[in-house]
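Any read-out appearing in this document is the output of simple, stated calculations on the displayed coordinates, not a laboratory observation. Owing to the predicted nature of the structure, the values given are computational and were not obtained by experimental measurement. In this analysis, Cβ positions are derived from the backbone assuming ideal geometry, glycine residues included, and neighbour counts consider all displayed protein chains.
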Amino acid sequence: MIQVTQRELTERLEWQNRLVQRSDLAASIIVFLHTPLCGTCGAARKMLDVAELLLPDDTLLEGDVNFMPEIVRRFQIGSVPALLAVPGKKDEPYRTLYRMGSVQDILNFVRGALI
């Protein structure tokens, strides 16, 4: 996973939006949102580490929500851990996965977002 700051993520989202406006298709952005002291976030991270081995390189980003108040507000993140998928297609809504029950759940969510 690639650690990103709020500024870096905002810039990626703006760039993705520009690409979508031009060609109606861009790469989806998938971000693991967490906090460092969250036990459930630690368990989710372990599952994400396994899932990441089965995904293309540099598919997942990660960020600490303590330092991303604008992202939390913009995407209405209700709790952590959360996987946020911002699609690269015009007029397709973002999706958020809060329940990471298994590696397969995570893979299904990410692969569904990448299509």
Which whole number of Å³ per residue matches the convex hull of the alpha-carbon atoms in the chain? 93
HN-Hα J couplings of the range 89-104 from phi, Karplus 6.51/-1.76/1.60, θ = phi - 60°, integer Hz, Gly and Pro as x? 10, 5, 6, 9, x, 6, 10, 10, 10, 9, 8, 10, x, 7, 4, 5
Charge-dipole axis of the range 54-115 as Lys and Arg at +1 and Asp and Glu at -1 on Cβ define it, positive-most pick from 107, 61, 96: 96
Using the charge dipole of the chain (Lys, Arg: +1 at Cβ; Asp, Glu: -1 at Cβ; taken about the Cα centre), state which of 78, 25, 39 has its Cα farthest towards the positive end. 78
Over the range 68-115, how many percent of alpha carbon pairs lie in each 10 Å bin up to the one with the longest distance? 24, 51, 25, 0
Dipole of the chain, Cα-centred, from +1 at each Lys and Arg C-beta and -1 at each Asp and Glu C-beta, to the nearest 20 debye? 280
Which of the chymotrypsin sites (Phe, Trp or Tyr not before Pro) across the range 1-83 are loop residues per DSSP, with 13 or fewer other Cβ within 10 Å? none
Does anyone have the angle between helix 6-23 and the longest principal axis of the chain? Alpha-carbon axes, 0 to 90°, nearest 10? 40
Which is the longest stretch in the chain that no exposed loop site breaks, taking sites as trypsin sites (Lys or Arg not before Pro) with a DSSP loop state and at most 15 other Cβ atoms within 10 Å? 1-89
If one takes the longest principal axis of the Cα atoms in the chain, at what angle in degrees, from 0 to 90 and to the nearest 10, does the Cα axis of helix 39-53 lie? 60
How much length is gained if the chain between residue 79 and residue 21 is pulled fully straight, taking 0.36 nm per residue apart and subtracting their Cα-Cα distance, in nm to one decimal? 17.8 nm
